[in-house]
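Derivation of every value follows stated rules applied to the coordinates shown; laboratory data play no part. Predicted model only: the values in this text are computed from it and were never measured. Cβ: placed from backbone, ideal geometry, glycine included. Neighbour counts: every protein chain shown.
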Amino acid sequence: MPMLIKRNPGWRLPESQTTPEAVYLDRRRLLQAMGFGAGLLATTGLATTAVMRPHPALAADAPDPTADLYPAKQNPRYTLDRALTPEKDVTTYNNFYEFGSDKDIWEAAQALQIRPWTVKFEGMVEQEREVDIDTLIRAMPLEERLYRHRCVEAWSMAVPWTGFPLKALIDYAKPTGSAKYVRMETFQNDTAPGFAQTFYPWPYVEGLTMAEATNELAFMVTGLYGKPVAKQDGAPLRLVTPWKYGFKSIKSIIRISFTDERPVSFWEQLQSSEYGFWANVNPQVPHPRWSQAMERVLGTGDRVPTLLYNGYGEYVADLYKGLESERLYT
Ligand SMILES: Nc1nc2c(c(=O)[nH]1)N[C@H]1C(S)=C(S)[C@@H](COP(=O)(O)O)O[C@H]1N2
Ligand SMILES: [Mo]
């Protein structure tokens, strides 16, 4: 079990101590990752360098070919004890490093072309294949779920996602019995300015064990607030795993591979001392640079205590029995 950290009862999370995932990278690691000397590092201003934004797409996108599927019926099993975060906050305060390392990327993300879009199924599957996103979405059982989201940076939101269980996608992909993990990958092309920051280990990658991926909570998102999901929130297909820190919820997926090797995710590759594979929410295990005890709720700005497994222990705690020696909470 993780060590219990005793906290002052009156302790509050100082906002200034919570920094975005990337702005405080260890200097030596960053140098290695960049493969450059200190001279250049000094002039590039580390990972905080402002990213140039492209103009948002000028022409409006064609109507979404799946728009008729929304709103989908809400599944009453997944509701919340807290108010939903206003749509405006969910769609204008984002983490999507492909479009820049600050929260204000929603306009830049409009440059992403989400049709045509295909998803490849690879690795340990009966047969590798590539499927058109609209064919895929129409083959899946869409429903709406209200989920909490807890970013490792200590902000949170409550969101009405539309999508389908990851389990349904896994049944569709037909992995073989040897598969132990599912690995997912985000698009990489020259429409997004973040790829010019070559010290990041692009493309964005995430992974789950097969047991996690087939847990009923693991959800593939195609919609948000009763509409097709916005580009800045990961259109046309993103993962949500509400019991884990938000960085596990990989956006704009193009490739899903089944493997017997544990995938190394984007953040783990960048800074494994801070971001591991499991990344389950636990208020008692601090991030090396800040506490995880409390969270700031987007929209209201309220500070509320963070819950073990983000409040989803009854669904997922069993997944981690026997794994107590692992770094389950970072
Ligand atoms: N491809 C990709 N997926 C990503 C990210 C990213 O930078 N790139 N950021 C992650 C992080 S840190 C969080 S908190 C959530 C944010 O999702 P939201 O912007 O819809 O709130 O997306 C996750 N998925
Ligand atoms: Mo995050």
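Quick check: Cα centre of the stretch 268-297 to Cα centre of the stretch 199-216, how many Å?
16 Å
For the stretch 173-316, place one equal point scatterer on every Cα, skip the solvent, and apply the Debye formula. What is log10 of I(q)/I(0) at q = 0.19, 0.22 Å⁻¹?
The Debye formula, applied to the Cα set alone, gives -1.37, -1.54.
Once the Cβ-Cβ distance between Asp134 and Val264 is put in as r, and R0 is 35 Å, what FRET efficiency do you end up with, to the nearest 0.05?
Values: r = 31 Å, r/R0 = 0.90.
That pair, Asp134 with Val264, gives E of 0.65.
Which aspartates and glutamates have a Cα less than 12 Å from the Cα of Lys180, not counting those fewer than 8 places away in the same chain?
Result set, ordered by chain and number: Glu212, Asp260, Glu261.
Which GluC sites (Glu not before Pro) does the stretch 137-242 hold that lie in a coil by DSSP with at most 14 other beta carbons within 10 Å? Can you show the working numbers first?
Numbers: sites: Glu143, Glu144, Glu153, Glu185, Glu206, Glu212, Glu216; in loops: Glu153, Glu216.
Hits after loop and neighbour filter: Glu216.
Does the stretch 15-317 come out rounded, prolate or oblate by the C-alpha gyration tensor, with a ≥ b ≥ c the root eigenvalues, rounded set by a/c under 1.5 and, if not, prolate when a/b is larger than b/c and oblate if not?
Values: a/c = 1.29, a/b = 1.20, b/c = 1.08.
Rounded is the answer for the stretch 15-317, as its axis ratio a/c remains below 1.5.
Suppose every Lys and Arg Cβ carries +1 and every Asp and Glu Cβ carries -1, with no other charges. What dipole size does the stretch 15-317 come out with about its Cα centre, to the nearest 20 debye? Don't skip to the end; give the middle numbers.
On the way: 31 positive and 36 negative charges, 75 e Å.
Once rounded to the nearest 20, the dipole reads 360 debye.
Considering only Cα-Cα distances, which of the following residue pairs are longer than 24 Å: Lys120/Lys231; Lys88/Lys167; Lys103/Lys251; Lys120/Lys167? Please report the intermediate quantities before stating the final value.
Working: Lys120/Lys231 20 Å; Lys88/Lys167 30 Å; Lys103/Lys251 15 Å; Lys120/Lys167 16 Å.
Where the Cα-Cα span goes over 24 Å, the pairs concerned are Lys88/Lys167.
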